[in-house]
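Before any comments, here is the structure.
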C-alpha cells in the first residue's frame, strides 16, 4: 500500500519488523524525553503484536528503509456501543517529517477504522509538543481539554490489583 502524497510505502508490520520497530520506539522515547522508560525488547514486542494480537503496527518505508510507524489497538465506547481505535504511537523520523508520512499513516488507520465501523479514532499528545499539536489541528482533530489521562503502573498497580476483590 502506498502513501501516494508522501512517497512512502505504508504497510502492515511483519514479525521480522520487530527489531526495527523497537529502534523507532526508542527514537520516539528519546524525542518525548522518556528514553529511560523503555523496558521492552524485540521479542516481547513481536509476541505482543503477532502472538497475543494485543495491538497492530503499520510501517512507513522510503527506499526500503523504515522511516516511521504507528501502533494502535481496539477500544470500546459504551456511549456509542461500538469499538474505536486508539493510536498508541505515531512516529516519523525527524529528517522525514513534513513530507506527508504522518498523514499517510493516520489516513491508513482512519481507513481501517471506517472499514471496521469504528465510532472514533483517538490518541494523546504531550502538551509541550506544539509541532504535533499543530499537525493534529490541521487534520481537524478535536482536543479534549476537559479530559485527563490517568495511569496505574508499578507498585501502585500491584497494590490495587493485589487487594481484596470484594466491595467490602
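Quick note: the coordinates plus some simple rules give every number you see, no bench work behind them. Being a predicted model, the structure only gives us computed values, none of them experimental. Note that we place each Cβ from the backbone using ideal geometry, even for glycine, and neighbour counts take in every protein chain shown.
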Give the Cα extents of region 19-100 along the principal axes, in whole Å, largest first.
-> 41, 30, 27
Quick one: angle between helix 101-115 and the longest Cα principal axis of the chain, in degrees between 0 and 90, rounded to 10, please.
-> 60 degrees
Listing 127, 137 by rising number of other beta-carbon atoms within 10 angstrom, fewest first, gives 127, 137
Residue-averaged [θ]222 nm for the chain, counting only DSSP H segments that reach four residues, each worth -39500 (n - 2.57) = -9000 deg cm²/dmol
Mean-position separation - Cα centroids, region 135-160 and region 18-68, in angstrom | 20 Å
The chain: most fluctuating residue of 65, 99, 146 per GNM, C-alpha cutoff 10 Å | 146
Of every Cα-Cα pair in region 2-162, the percent that sits beyond 19 Å | 60 percent
Using a Gaussian network model of the chain with C-alpha springs under 10 Å, which one of 155, 52, 17 is most mobile by mean-square fluctuation?
-> 155
